[in-house]
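Participant: Sharing a structure, written as C-alpha cells. Questions coming.
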Amino acid sequence: MNIQFIFRSIITLLVINVSSYAIAEVGAGSCEILEVIDCDKNQANLTPEKGKWIFGVGIASVNGVPEYIGSDESRELLLPVPYIYYNGPKMKISQSGINGKLFNSENLYVSLSLSGAIPVNSDKNKARKGMDDIDGVIEYGPSFKYFLKGGDTKNNALFIDINFREARTFKNESLNFSSSPSIVFRKRLDKDYFLGHVSISGSFKFEFVSDKYAQTFYGVDPIFATATREQYTALGGYAGFRFNTGLRWQKDNQIVSLFFAHSDISAAKYSSSPLVKVTTHNLFGGSYFWLFN
C-alpha cells in the first residue's frame, strides 16, 4: 500500500459519512466509509447546556469495500482515524459534519452533510481496464432531520433525514448532485454490558444521482468500448437502496463499534451498464477510539 493511496484514503474518510448507525453508505459508485466510524453523529445530545470539545485517536477496519458499487472486486481497509466531537447548546460537530437546531423547533434540525467516494485505479480493475481512472469524490450540502419519535436529546429516537449534496472530484470537477433520503433509528439498551453503555442503530435509505455522476462511474465512451465492453450512456435518477446497522459500546474514554451494510443497485437506472458486475454488496467492520478528554 503506497503513501499516496493511504493519504487519499484518509482524506476520503474525513469527508465520508461515518456513524454508529451507518457504517457504509454507498452512493452511485461511492462507498462512504466514514459513516461507519463517526460513532457520535446520530447519538443523543445529552448535555446541550455544556459546550465541550473532545479529541481522540482511533483505528478502523473495513472489509468488503468494493472498488465502486457494482464492481465484483473489493478491498480491505485498515486506517488510523482522528476523533473530533463538540457538544454545544445548539450545535454538534463531529467527523461527518455539523448538526444544529433549526430555529426553535424541537423536531427539526439542519446539518452539513458530507460524503464521498474512494478513488478507482482502472488499470487494477478488470471491468474498467484501459479506461480513465475515477478520481476521489467529495460531496457536501444541507441535511434536514425531522424527529418522528424522541428528539435530539433522547437515547431512543426515530427520524427522517433529507439531504441534497453537490458532488465534486478531488480535481474540482463538478458531478452535479447526489441525494440519499433515509429513515434512521437509534436505541440505547437499558442494561450495561462489560461495564459499558451499548447502543444500536440503523438506517434505510434510497440514493439518487445526476446524469453526470452516473456517467462518471458507469458510462463507457466509444473510445473505451471493446468486444466485451460495449459503449454505454449512464443515466442518473434512482441509484439503489442500502440498509446499514451498527452496534456501539462505550466505557469512559473508550469506544468500540461494529457495523454491517447491505446495498442493492439492481433497480438503479444504470444497472445495465457493462461496468456493473454485481448488483448487491455486503460490507462489515469495526472501529476503536481512545478519547483524550
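The values are calculated or read from the model by the stated rules, or taken from the named source; none is laboratory data. Predicted, not measured: the structure shown is a model, and the values here were computed from it. As a convention, Cβ positions derive from the backbone with ideal geometry for all residues, glycine included, and neighbour counts pool all protein chains shown. Heads up: the accessible areas ignore ligands, DNA and RNA and are worked out on the full protein's heavy atoms, side chains in. Shrake-Rupley method; radii C 1.70, N 1.55, O 1.52, S 1.80 Å.
Participant: Any residue in the range 231-249 that's over 21 Å from F259 (Cβ atoms): show its pairings with residues that are part of a strand (DSSP E or B) and among the aliphatic types (A, V, I, L, M) at Cβ separation under 9 Å, as long as the two are six or more apart or on different chains.
Facilitator: These pairs meet every condition: Q231/V220; Y232/V220; T233/V220; A234/V220; G236/V209; G237/V209; Y238/V209; A239/V209.
Participant: Given (1) of a type in the set (K, R); (2) open to solvent by 60 Å² or more (accessible area, probe 1.4 Å); (3) out of contact with any strand residue (DSSP E or B) (no Cβ under 6 Å at 6 or more places or on another chain), identify the lone condition not met by K149.
Facilitator: If we test K149 against (1) of a type in the set (K, R); (2) open to solvent by 60 Å² or more (accessible area, probe 1.4 Å); (3) out of contact with any strand residue (DSSP E or B) (no Cβ under 6 Å at 6 or more places or on another chain), just (3) comes out false.
Participant: So, one more: For residues in the range 239-268 being open to solvent by 60 Å² or more (accessible area, probe 1.4 Å) and within 21 Å of the chain's Cα centre (by Cα), which is nearest to F206 (Cα to Cα)?
Facilitator: Restricting to residues being open to solvent by 60 Å² or more (accessible area, probe 1.4 Å) and within 21 Å of the chain's Cα centre (by Cα), the top hit is F243.
Participant: Filter the range 190-209 down to residues that are open to solvent by 10 Å² or more (accessible area, probe 1.4 Å) and touching a Ser or Thr at 6+ places or on another chain (Cβ under 9 Å) and give me whichever is farthest from P274 (Cα to Cα).
Facilitator: S199
Participant: So, one more: Look through K154, K212 and report the one residue that is open to solvent by 10 Å² or more (accessible area, probe 1.4 Å) and at pLDDT below 90.
Facilitator: On the way: K212 fails: at pLDDT below 90.
Exactly one of K154, K212 is open to solvent by 10 Å² or more (accessible area, probe 1.4 Å) and at pLDDT below 90, namely K154.
Participant: When the range 69-90 is examined, which residues are found to be part of a strand (DSSP E or B), of a type in the set (A, V, I, L, M, F, W, C) and surrounded by 15 or more Cβ atoms within 10 Å (Cβ to Cβ)?
Facilitator: Step one: filter the range 69-90 for residues part of a strand (DSSP E or B), giving 74-87.
Filter once more, so that each one left must be of a type in the set (A, V, I, L, M, F, W, C): 77-79, 81, 84.
Correct list: L77, L79, V81, I84.
Participant: Under the condition of being surrounded by 15 or more Cβ atoms within 10 Å (Cβ to Cβ) and assigned to a loop (DSSP other than H, G, I, E, B), which residue from the range 108-121 is modelled with the lowest pLDDT?
Facilitator: So, considering only residues that are surrounded by 15 or more Cβ atoms within 10 Å (Cβ to Cβ) and assigned to a loop (DSSP other than H, G, I, E, B), the one modelled with the lowest pLDDT is I118.
For (1) more than 16 Å from the chain's Cα centre (by Cα); (2) within 28 Å of I160 (Cβ to Cβ); (3) at pLDDT below 85, each residue gets a yes or a no:
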site	(1), (2), (3)
N45	yes, yes, yes
E73	yes, no, no
K92	yes, yes, yes
K101	yes, yes, yes
S105	yes, yes, yes
D123	yes, no, no
A127	yes, no, no
V137	no, yes, no
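Participant: Does the range 170-179 contain any residue that is surrounded by fewer than 17 Cβ atoms within 10 Å (Cβ to Cβ) and over 22 Å from I134 (Cα atoms)?
Facilitator: Taking the range 170-179 and keeping what is surrounded by fewer than 17 Cβ atoms within 10 Å (Cβ to Cβ), we get 170-174, 176.
Next, only the ones that are over 22 Å from I134 (Cα atoms) stay: none.
So far as the range 170-179 goes, no, none of its residues is surrounded by fewer than 17 Cβ atoms within 10 Å (Cβ to Cβ) and over 22 Å from I134 (Cα atoms).
Participant: For the range 159-217, list the strands (runs of 3 or more DSSP E) that sit wholly inside it and hold at least 1 residues that are over 16 Å from G240 (Cβ atoms) and in contact with a Leu (Cβ under 8 Å, 6 or more places away or on another chain); which are they? First the steps, then the outcome.
Facilitator: Details: elements: 165-169, 174-179, 182-188, 197-209.
Output list reads 165-169, 182-188, 197-209.
Participant: Looking only at the range 250-293, which residues are assigned to a loop (DSSP other than H, G, I, E, B) and among the β-branched types (V, I, T)? Step through it out loud before you land on a result.
Facilitator: As a first pass, look at the range 250-293 and keep what is assigned to a loop (DSSP other than H, G, I, E, B): 252-253, 265-279, 292-293.
If the condition is that a residue be assigned to a loop (DSSP other than H, G, I, E, B) and among the β-branched types (V, I, T), then I265, V276, V278, T279 are the ones that fit.
Participant: Regarding V220, is this residue modelled with pLDDT under 95 and either open to solvent by less than 40 Å² (accessible area, probe 1.4 Å) or within 22 Å of the chain's Cα centre (by Cα) (or both)?
Facilitator: Numbers: modelled with pLDDT under 95: no; either open to solvent by less than 40 Å² (accessible area, probe 1.4 Å) or within 22 Å of the chain's Cα centre (by Cα) (or both): yes.
Taking the combined requirement at face value, the residue does not satisfy it.
Participant: Another question, if that's okay. Would you mind stating whether Y146 is part of a strand (DSSP E or B), modelled with pLDDT under 90 and not polar (S, T, N, Q)?
Facilitator: Values: part of a strand (DSSP E or B): yes; modelled with pLDDT under 90: no; not polar (S, T, N, Q): yes.
It is false that Y146 is part of a strand (DSSP E or B), modelled with pLDDT under 90 and not polar (S, T, N, Q).
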